[in-house]
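The values are calculated or read from the model by the stated rules, or taken from the named source; none is laboratory data. It should be emphasised that the depicted structure is a prediction, and the values quoted were computed from it without experimental measurement. Note that each Cβ is placed from the backbone with ideal geometry, even for glycine, and that neighbours are counted across all protein chains shown.
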Amino acid sequence: MKLVDPVVYVENYDAKKMLKRIERACRTCYRSEDKVTENSYKKLLTNCISRGHESILEHEKISIRMICDVGVYKDLTRHRIASFSIESTRYCNYGKDKFDNEIKFMKPVNMDEGTEIYNLFIEGLEGIEKTYLKMAELEAKPDQLRMLLPHATAAEVNMTCNLREWKHVLGLRCSKHVHPAIRQLLIPLLLKFKEDMPEIYGTVEYDEDFPKEKYAKILPLD
Ligand SMILES: Cc1cc2nc3c(=O)[nH]c(=O)nc-3n(C[C@H](O)[C@H](O)[C@H](O)COP(=O)(O)OP(=O)(O)OC[C@H]3O[C@@H](n4cnc5c(N)ncnc54)[C@H](O)[C@@H]3O)c2cc1C
């Protein structure tokens, strides 16, 4: 068994290009295309967002790929305007060489290493893996094997949203009320979006007390 760290791979977008394309679409509403300058998108978008004129954000999208646990994607796939492609526990047999004959679990973000709770948790995962591999040896099918897998199982998840849905998802999922395994992934993503597109994401609130050392790495998507 292997414990893995969370990662968010982000598509290499050109924020200014996207925002300028949104501006062009938005100016159609007012037929004010003649007002476009190098940086006119900044004021226009800030004004539109502050008035709730957000549908213009649907013209552009961003894709990410995450390494996260089943619990995280169980929650995130509730977002109906997002698109997902997720590693399937119905098709992947972690008992095969291709997966190094082991199950990958996410490092628990909310348990301290060395504590009794942590040790018990790890023991539980080891027991699950032992049973899984024994069942795989007996040629159990992934459909049967997956019934053993816990929320902590690691998975690769592709998620694509338009810029409006990202604003909605990040606004909901970076707050204190959300499971820390989700905050761990999405707060650093929100911070990147805030830096690159302050006109859109500048006002989105998040749990500022979440420990920065637990943030997932943000890397470019290949
Ligand atoms: C802190 C927290 C706790 C939660 N706890 C639970 C829980 O215990 N149990 C549970 O089942 N779920 C829970 N959820 C999930 C939550 O109820 C939503 O299903 C999920 O967050 C998706 O959000 P959404 O419906 O706003 O948006 P999305 O599906 O992302 O849609 C975006 C927006 O589009 C609009 N929209 C989409 N579909 C429709 C529609 N059919 N009709 C009208 N408008 C629509 C809405 O304005 C919506 O906000 C929780 C979510 C959070 C953030």
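Overview of results
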{"quantity": "Top-ranked residue of the range 194-222 - restricted to ones that are touching a residue at least 60 places away in the same chain (Cβ under 8 Å) and crowded, with 16+ Cβ neighbours inside 10 Å, ranked as farthest from V4 (Cα to Cα)", "calculated": "E199"}
{"quantity": "Selection within the range 71-85 - more than 16 Å from the ligand (Cβ to nearest atom) and of a type in the set (A, V, I, L, M)", "calculated": "none"}
{"quantity": "Test for K130: is it in a loop (DSSP other than H, G, I, E, B), basic (K, R) and either at pLDDT 95 or above or more than 20 Å from M1 (Cα to Cα) (or both)", "calculated": "no"}
{"quantity": "All positions within the range 39-80 that are of a type in the set (G, A, S) and either out of contact with any strand residue (DSSP E or B) (no Cβ under 8 Å at 6 or more places or on another chain) or in a loop (DSSP other than H, G, I, E, B) (or both)", "calculated": "S40, S50, G52, S55, G71"}
{"quantity": "Count of residues meeting criterion [more than 14 Å from the ligand (Cβ to nearest atom) and either at pLDDT below 95 or of a type in the set (S, T, N, Q) (or both)] in the range 171-196", "calculated": "1"}
{"quantity": "Flag for H168 being near the ligand (Cβ under 9 Å from one of its atoms) and free of Cβ contacts under 8 Å to residues at least 40 places away in the same chain", "calculated": "no"}
